Every structure is written in structure tokens, then in C-alpha cells.
Amino acid sequence: MLHTKIIDVKKRKLSISLAEEFISSSDYGASIFFSGTVRNQNNNKSVVGITYDSHDALVIKSFEEIYNETNQKLKIEDKAVFIEHAKGFLNLGEISIVIAVACKHRDEAYVLSRYIIEEIKKRSPIWKKEHYLNNESNWLKGNPIVHEKD
């Protein structure tokens, strides 16, 4: 069971409660909730906010691929996964990503949650522009969508 969505933060904010509702089931004995939030420091710079942009269709495709891979790579077939990522400007402390997973056992839930966030960071075409206290801003270096051969 999978839910994925890119959320325009001008229309609504990300919420753990929606994730909890989606994965809630007596079929599962373990639930893990991960939320990424905008922090006030990065690379010795004072951050005041972040703008997220994404290629929405490719992001959703990457979320689905990551979910499907967990059957083979992690051997976790019976699961519920909720992934939403923000798009637009976020202030300090606001949630940029919510990942919720439910599995039969806690070890599966921990492994699944960690795998999903690490793969999203590596593979999903989501870009962020940090805004700093001094009114400057920078697009952060990301990972290429296509990896070139050596």
C-alpha cells in the first residue's frame, strides 16, 4: 500500500496526522514516522528558509520505484508507505518531507524508513534553494538525474 504526493505549500502544509491515518492498521505491529524540517544552519550559514522545486512526475515515479524495490532488496512485501514532499517556500521549522511506514515488525519498519529517505535523497529530482540571513540565496548542489559512465 503506497501513497505519494508533491504538496504545493501555498495550498496546504505537510502533516504527520495524514500519514498516521494512511498507515494505521491492525495488520501492522510497528510504525515509523520521519519528518524533515528546515533547520537554521547549513555549511556555517544562517538559513531563514528554503525553496523546494521538483520535477513532480519524475519524483512520484522515483518514489514508486523505491517502494517497489523494497520487495526485492529488503524482502519487505507486507507494508504501508506514505511519502509526501513539499514544493515551494518553507520557513524555519516547517516540514519539507513526511515518510511514514508500517510493517509487521519493528526491525522491518526501521530498515524500510531509512532505505526510503536515503534513496529519495540520492535519486529524486528535488532541488532546494537556501535563503540566508544576509538576504542572499543559493541553489544547493544535488545529485544528477542521469549518472554518466566513467
In vacuo Debye scattering of the range 61-112, one point per C-alpha: log10 I(q)/I(0) at q = 0.31 Å⁻¹?
-1.26
Between Asp53 and Asn71, the two model label points (7 Å from Cα along the beta-carbon direction) sit apart by a distance in nm of 3.6
Descending semi-axes in whole angstrom, ellipsoid equivalent of the range 2-138, from the Cα gyration tensor
28, 15, 14
For helix 56-73, what angle does its Cα long axis make with the longest principal axis of the chain, in degrees from 0 to 90 and rounded to 10?
40
Where the accessible area of the chain is counted over protein heavy atoms with a 1.4 Å probe, how much of it, in %, is carbon and sulfur?
47
Charge dipole (debye, nearest 20) of the chain; +1 at Cβ of Lys and Arg, -1 at Cβ of Asp and Glu:
400
Measure nothing fancy, just the Cα-based angle from helix 106-123's long axis to the longest principal axis of the chain, in degrees from 0 to 90, nearest 10.
40
Taking 0.36 nm per residue of sequence separation and subtracting the Cα-Cα distance, how much length would be gained by fully extending the chain between Asp107 and Ser35, in nm to one decimal?
24.0 nm
Compare His55, His105, His85, His3 by solvent-accessible area with a 1.4 Å probe and give them largest first, with all protein chains kept in place.
His105, His55, His3, His85
Over 32 Å between Cα atoms, which of Lys13/Lys45; Lys5/Lys73; Lys11/Lys141; Lys45/Lys75 qualify?
Lys45/Lys75
How high is the relative contact order of the range 2-138, given as a whole-number percent (alpha carbon pairs under 8 Å, six or more residues apart)?
39
Quick calc, the range 7-73, dipole around Cα centre from Cβ unit charges on Lys, Arg (+) and Asp, Glu (-), nearest 20 debye, gives 440
Under a point spin-label approximation (7 Å from Cα along Cα-to-Cβ), what is the Met1-Ser26 distance to one decimal in nm?
1.3
Note to self: with every protein chain in place and a 1.4 Å probe, the range 2-138 gives an accessible area per residue in Å² of 55
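The values are calculated or read from the model by the stated rules, or taken from the named source; none is laboratory data. All figures in this text were calculated on a predicted structure; none of them were measured in a lab. Because the Cβ atoms are built from the backbone with ideal geometry, glycine has one as well, and the counts that use them run over all protein chains shown. What goes into the accessible areas is simple: the full protein's heavy atoms, side chains included, and nothing from ligands, DNA or RNA. Shrake-Rupley method; radii C 1.70, N 1.55, O 1.52, S 1.80 Å.
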